[in-house]
Structures are given as structure tokens and as C-alpha cells.
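Undergrad: Dumping the structure here so I can ask a few things about it.
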Amino acid sequence: MCYAIPGKVTSINNAVVTLEYFGEQRKAKNEFYDLKAGDYVYAQGGFIIQKIAAAHAEDILKTWEELFFKLKEVDSELTSDPKGLYQKANALRHKHHGNSCCVHGIIEFSNYCSSDCLYCGIRKNNPGVSRYRMGIDEIARAAYQAVHRLKFKALVLQSGEDSWFTEKRLVAIVRKIKEQSPCLIILSIGERDFGIYERLYREGCRGVLLRFETSNPLLYERLKPGRILRERVALIKKLLKAGYIVMSGFLIGLPGQSEQDVLRDIELTDSLGADIFSFGPFIPHPDTPLSHVLPASTETVLNTIARARIRNPKANILVNTSFETLDRENAVRLGLMAGANSLMINVTPRKYRRRYDIYPHRAGIDSNIHSRIDSVVKLLHSIGRAPTDLGI
């Protein structure tokens, strides 16, 4: 299964391309390809990421056509009678995004970290972590597997704040992936020098996942020793100004966090102009100073998703893996039905997944990747969602 549906170019206005599939229209930026009306492309995150042959695209569209309209019908039925908070939020999602749902892969390539965040299992002062770094070629091979064999069109490259991955090494990783595996590359590498992000943008990266974690500066500085909230926020703003798609947000249920703090967290995510809202529950790790704190509740997370959707009906909202860990059976479905429209699947090589131990017993770390994808696809189909780009 492809985690995007190809679109046909119908018009081009400078760098903005209008695409059409099954009567749906999306706009996306084109920075990498020579295109004309009638060409077929894949888009992710509002960027053209691959040009494909017409015959291949038409075959894919034929396999999708009947299913696509069935899924739209299911989604319409499930949002036709909104009553409670979650139903109202989901109806807004449907109104502004249809049944589109972004599905991204994530590769966790290093668990070394120079930060000592009190809530994180891979903090630098946790001696119990079995550290690893994937090599440059190994990362490129994992990306090739995800793009060519598993059919992902967007990949998050995630690590701790690991300075071993210098600008030169990060550039080498991006170049190899761009050459071998066309996709939307999203970086999740923490607070690095803005010059590194500028260089990686020039190399073709177009997304960054960087959460501010909490909008409360005192809480932030208590939980992230040596760090200052305004510096984190300033970097997020620079990334947005530079043209990156930015995924940002916060942790729900941090010790000392009030309900008013969570409302301010939603407001900050929105006011920053984050392209994708990313927030999930705090889950205590036994080898951190916060091991005694209770995790956030499922209800609290769902209320946050719904409130974020109602505040910004056009937002793209991610169901975070930590939420799935909190409620393995129901979280993805409940989150998507409360207004979310995006999710991630872990495609890290299996031998490393357990070692990226930011919180314990993470969902999906022991799953066979093909079984995991099948279960996600079945879930999406059951609620009428199709893995298509959301456009700009």
C-alpha cells in the first residue's frame, strides 16, 4: 500500500502546483522537478517529492478508485451527527480535510543525547541506557527499505541531541536518502545550530519535528536543566521562517502542569503557526527523577486533541506514539475520532527499536513491521481514512 495517492498536475503558478485525483484538489510547492500540466506526482507535506510515469500512476489510481469513494462515504457517515466534544472536533476535521490522513515513517538513528531532560529515558545522565548510533550507510538502507519496500513517502529521522552527527555527517545522510529514496525528509534532532538547519534545507530537507514541551518557562527550565524556553521558541520561529514544515507541540501531564498551562500550550502551538500539532502524554521512565509521577490519562489526551482541533479547525494534528503506548488497544482510533488526522509508524531496524527508550514499553517496538502496517491500514479503512497529502 502507498502512503500517498498520486495526483495529476492541472495547473502551475510559479512554484505552486495544483494537483487532482478523484475530483479532489490539492496545492503543493514544487522545488525539485521540471513539471507541466498532465504530469503525475506524489506530494507530502505540501511539497512535490516525486515525479512518476503516467502509466504507473494510472495503475495505482485504478486500484484506489473504488476504495477511495467507499472510504469517503464511511468518513461522512461517522461525522454526520456531531454531539459531544470529540464528535464536534472530528466533524471540523472532516469539514476542512476530508478523509485525508498523513502516515509518516520514523527512523530513530541514535539514542545518544547531550541533554539531561528529567522526563526522558535517554537523558545523558542515565547510565542504564544501551547506547547506539546507526552508521550513515545503515540509515540510508533503512530509508530505502521504508520508501521502496514499505511504500512510505515521508520519513522522520530522529535522534537524541547527538553532536557526533556533525553538519557534514547529516548532509551525507540527507544526500544519500535524496539520491536513493525520494521522500519528504523530516528532521528530529533537537536544538542544533540554526546554520546546520539552513544547510540541510539547501540539501533538500523540508520538515522539522521540534516540540517546545511546555509553554510555562519556569516548568520548562526545571525539567530541562540549562535550557531556556525562549531560545527553543526562537529556533522554532526561525525554522518556520526558513520555509520548513514544522511539527511542534508539548507534553501532557508533566508534574506541576496546570490545566491552564495545557490551554496555553495549545495557544502557543497555534500562534507559532506549526504545520502539524504534536503532543502526547507524559509517561514516566523508571530511570529518571520523575519515575514516581503518574502518566496522563487517556481522557486528558483526547480532550487536548479535541480542543486543539476546535481552536484551529484547519490544523494537522498527530496521534503521538506515546498516546498509543498509554492505550495500546484504542488510542489511535480514539485520537483520530477526536479530531486528529496524522500518525507515525516506527520503521527503525528492529534491533535498535527497544534501545530508543525515551519512555518504557513503547508501542510497536516488538511488532513485525508488515503486521504493524496491516493493522494500521485496517484501522484507517474502518473509520474511512485515506493516506493522502493534506496540501498547503
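The values are calculated or read from the model by the stated rules, or taken from the named source; none is laboratory data. If you're wondering where the values come from, they're calculated on a predicted model, not measured in any experiment. Please note: Cβ atoms are built from the backbone with ideal geometry, for glycine as well, and neighbour counts cover all protein chains shown. All accessible areas refer to the heavy atoms of the entire protein, side chains included, with ligands and DNA or RNA removed. Shrake-Rupley method; radii C 1.70, N 1.55, O 1.52, S 1.80 Å.
Undergrad: Can you find, among L240, L71, F165, the residue sitting farthest towards the positive end of the charge dipole of the chain, where Lys and Arg contribute +1 and Asp and Glu -1 at Cβ?
TA: F165
Undergrad: Taking the Cα centre of the range 338-392 as the origin, how large is its charge dipole in debye, to the nearest 20, when only Lys and Arg (+1) and Asp and Glu (-1) carry charge on their Cβ atoms?
TA: Values: 9 positive and 4 negative charges, 57 e Å.
Value, rounded to 20: 280 debye.
Undergrad: List the chymotrypsin sites (Phe, Trp or Tyr not before Pro) in the range 86-173 that DSSP assigns to loop (not H, G, I, E or B) and whose Cβ has at most 11 other Cβ atoms within 10 Å. Which are they? If you can, show how the numbers build up before the last one.
TA: On the way: sites: Y86, F109, Y112, Y119, Y132, Y144, F152, W164, F165; in loops: Y112, Y119, Y132, F152, W164, F165.
Passing both the DSSP loop test and the Cβ count: W164.
Undergrad: Please compute the length gained on full extension between E191 and T298, using 0.36 nm multiplied by the number of residues separating them and subtracting their Cα-Cα distance.
TA: Full extension from E191 to T298 adds 35.6 nm.
Undergrad: Compute the Kirkwood hydrodynamic radius of the range 227-344, taking the inverse of the mean of 1/r over all pairs of distinct Cα atoms, and give it in Å to one decimal. Display every interim value, and only then the final one.
TA: On the way: mean 1/r = 0.0678 Å⁻¹.
Radius from the Kirkwood sum: 14.8 Å.
Undergrad: For the range 280-392, treating each Cα as an identical point scatterer without solvent, what Debye log10 I(q)/I(0) comes out at q = 0.14, 0.15 1/Å?
TA: Reported log10 I(q)/I(0), two decimals: -0.63, -0.72.
Undergrad: Still on this structure, I have one more. Report the normalised scattering of the range 212-296 as log10 I(q)/I(0) at q = 0.15 Å⁻¹, calculated by the Debye formula with identical scatterers on the alpha carbons.
TA: Relative scattering, expressed as log10 I(q)/I(0), comes to -0.56.
Undergrad: Can you check what the Kirkwood hydrodynamic radius comes to for the range 74-136, Cα pairs only, in Å to one decimal? Kindly include the intermediate steps, with their values, before the conclusion.
TA: Working: mean 1/r = 0.0634 Å⁻¹.
After inverting the pairwise mean of 1/r, the radius is 15.8 Å.
Undergrad: Need one number: convex hull volume per residue for the chain, Cα atoms only, in Å³. Walk me through the intermediate numbers first.
TA: Numbers: hull volume 49.5 nm³, N = 392.
For the chain, the hull spanned by Cα atoms encloses 126 Å³ per residue.
Undergrad: Could you tell me the relative contact order of the chain? Use alpha-carbon pairs under 8 Å, at least six residues apart, and round to a whole percent.
TA: Numbers: 782 pairs, mean separation 88.3, N = 392.
In percent, rounded to a whole number, it is 23.
Undergrad: Still on this structure: Rounded to the nearest percent, how much of the accessible area of the range 234-319 (1.4 Å probe, protein heavy atoms only) is carbon and sulfur?
TA: Numbers: 1680 of 3260 Å².
Whole-percent figure for carbon plus sulfur exposure: 51.
Undergrad: Mind jotting down a quarter of the surface of the convex hull over the alpha carbons of the range 1-75, in square nanometres, one decimal?
TA: Details: hull surface 19.9 nm².
Here the figure is 5.0 nm², rounded to one decimal.
Undergrad: What per residue convex hull volume, in Å³, comes out for the range 115-226 when only alpha-carbon positions are used? Let's see the in-between values first.
TA: Details: hull volume 13.6 nm³, N = 112.
It comes to 121 Å³ per residue, whole-number rounded.
Undergrad: In addition: For the chain, give the magnitude of the charge dipole about the Cα centre (Cβ charges: +1 Lys/Arg, -1 Asp/Glu; no others), in debye to the nearest 20. Write out the running numbers ahead of the final one.
TA: Values: 55 positive and 43 negative charges, 115 e Å.
Here the chain has a charge dipole of around 560 debye.
Undergrad: Same structure again: Calculate the tail of P(r) for the range 1-154: the fraction of all Cα-Cα distances greater than 19 Å, expressed in %. Walk me through the numbers before you get to the answer.
TA: Numbers: 7902 of 11781 pairs.
Tail of the P(r) past 19 Å holds 67 percent of the pairs.
Undergrad: Next up: Each label point is 7 Å from the Cα along the Cα-to-Cβ direction; what then is the distance between the points at T166 and S76, in nm?
TA: In this crude spin-label approximation the distance works out to 5.8 nm.
Undergrad: Taking only protein heavy atoms into account and a 1.4 Å probe, give the accessible area per residue of the chain in Å². Don't jump to the answer; show the numbers that get you there.
TA: On the way: 16190 Å² over 392 residues.
Accessible area per residue, the chain: 41 Å².
Undergrad: Related question: Per-residue accessible area for K95 at 1.4 Å probe radius, Å² rounded to 10?
TA: Rounded to the nearest 10, that gives 150 Å².
Undergrad: Now for a different question. Exposed loop sites here are GluC sites (Glu not before Pro) in DSSP loop states with at most 13 other C-beta atoms within 10 Å. What is the longest stretch of the chain lacking them?
TA: Working: sites that count: E31, E329.
Segment 32-328 is the longest.
Undergrad: Pull up the cross-link candidates among the aspartates and glutamates for K351, meaning alpha carbon to alpha carbon under 15 Å and not fewer than 8 places away within one chain.
TA: E108, E138, D366
Undergrad: Please give the length that would be gained between K36 and E66 if that part of the chain were fully extended, namely 0.36 nm times their separation in residues minus their C-alpha to C-alpha distance (nm, one decimal). Spell out each step's value before the answer.
TA: On the way: separation 30, 0.36 × 30 = 10.80 nm, distance 2.76 nm.
Extra length available between K36 and E66 comes to 8.0 nm.
Undergrad: Per-residue ellipticity at 222 nm for the chain, helices alone: DSSP H runs ≥ 4 residues times -39500 (n - 2.57), over residue total, nearest 500 deg cm²/dmol?
TA: Details: 13 runs with 149 residues, N = 392.
Calculated at 222 nm, the ellipticity per residue is -11500 deg cm²/dmol.
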